[in-house]
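The values are calculated or read from the model by the stated rules, or taken from the named source; none is laboratory data. It should be emphasised that the depicted structure is a prediction, and the values quoted were computed from it without experimental measurement. Counting neighbours? That spans all protein chains shown, and the Cβs are built from the backbone with ideal geometry, glycine included.
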Amino acid sequence: MFRELGFSVASADEIAKEVRERTEVQAEISWLLGVDAKDVTAIREAITDDPEKRTALNTLMHGRVLEAMDSSGADIIEVPLLFESTIQCLFAQILCVSCGAEIQLERLTHRVQDREAAERMVGLQLPLRVKELLSDQTIRTDLPLSAVRTDVARISKLIAM
């Protein structure tokens with residue numbers, strides 16, 4: 001919706017995917033985690049249940065992803081795990097896109113095609129309510145689309161200032 005209003009938007013997930021697809025990064029991921037770096041499910045399983053592997057992967061990836069985000073030139077960058085990555089200080093304003101916990105779980109389950117994996121992933125995150133409190137603005141996506149559009153238009157005026 002922000003794109004429709006003329007903002008350039010980048011996705012940290014897409015940037016991370018591009019970084020992960022680099023040959024040298026894949027070799028490091030395979031070595032660190034002992035899995036095929038092209039197998040996203042194997043990576044997710046390896047880091048979900050092993051905090052040391054998760055830390056190792058974060059150490060490998062975060063600097064590279066941050067550098068790519070910085071050079072993206074985007075007005076808005078979607079960062080799903082902003083607070084968990086402790087990089088919120090790098091942003092002038094923080095917008096939290098939020099919904100109810102059950103809807104969050106349903107959406108993640110649809111994306112990863114595994115309810116149990118989705119539950120584990122949500123369990124590793126800060127609760128949405130906490131993220132909302134730490135953010136400058138919240139956009140609730142469990143409201144009617146017209147209400148979401150109204151919120152985005154209101155917030156776009158604030159961040160364009």
Handout entry: helices (runs of 4 or more DSSP H) fully within the range 82-161 counting 2 or more residues that are closer than 28 Å to Leu57 by Cβ
Key = 101-112, 115-123, 128-134
Handout entry: Arg129 outside the structural domain of Leu5 (by TED's automatic domain parsing) and either within 25 Å of Val25 (Cβ to Cβ) or within 14 Å of the chain's Cα centre (by Cα) (or both)
Key = no
Handout entry: Check on Ala10, in contact with a strand residue (DSSP E or B) (Cβ under 8 Å, 6 or more places away or on another chain), outside the structural domain of Arg111 (by TED's automatic domain parsing) and either assigned to a loop (DSSP other than H, G, I, E, B) or surrounded by 13 or more Cβ atoms within 10 Å (Cβ to Cβ) (or both)
Key = yes
Handout entry: Residue selected from the range 1-28 under the condition touching a Lys or Arg at 6+ places or on another chain (Cβ under 8 Å) and closer than 22 Å to Thr141 by Cβ, by the criterion modelled with the highest pLDDT
Key = Val9
Problem - Residue satisfying all of: in the range 13-26; in a helix (DSSP H, G or I) and among the charged types (D, E, K, R); nearest to the chain's Cα centre (by Cα) among these - result: Asp13
Problem - Condition check for Asp50: farther than 24 Å from Pro127 by Cα, acidic (Asp, Glu) and surrounded by 13 or more Cβ atoms within 10 Å (Cβ to Cβ) - result: no
Exercise for the section: Inspect the range 105-116 for any residue being modelled with pLDDT of 90 or more, more than 16 Å from the chain's Cα centre (by Cα) and over 28 Å from Thr41 (Cα atoms) and give the result as yes or no. Expected result: no
Fill in the blank from the handout: All conditions in (1) within 30 Å of Ile155 (Cβ to Cβ); (2) small (Gly, Ala, Ser); (3) in contact with a helix residue (DSSP H, G or I) (Cβ under 7 Å, 6 or more places away or on another chain) are true of Ala37 except (1)
Handout entry: Residue match in the range 27-39 (condition: among the basic types (Lys, Arg) and part of a helix (DSSP H, G or I))
Key = no
Practice task
Tell me, please, whether a residue that is in contact with a Leu (Cβ under 9 Å, 6 or more places away or on another chain), surrounded by fewer than 16 Cβ atoms within 10 Å (Cβ to Cβ), within 29 Å of Leu133 (Cβ to Cβ) and charged (D, E, K, R) can be found in the range 77-100.
Solution key: yes
Exercise for the section: Kindly indicate which of Ala74, Ala92, Ala101 is over 22 Å from Asp50 (Cα atoms) and in the same structural domain as Thr41 (by TED's automatic domain parsing). Expected result: Ala74
Exercise for the section: Test Arg54 against the criterion of being part of a helix (DSSP H, G or I), touching a Ser or Thr at 6+ places or on another chain (Cβ under 9 Å) and either on the phi > 0 side of the Ramachandran plot or outside the structural domain of Ser135 (by TED's automatic domain parsing) (or both), and give yes or no. Expected result: yes
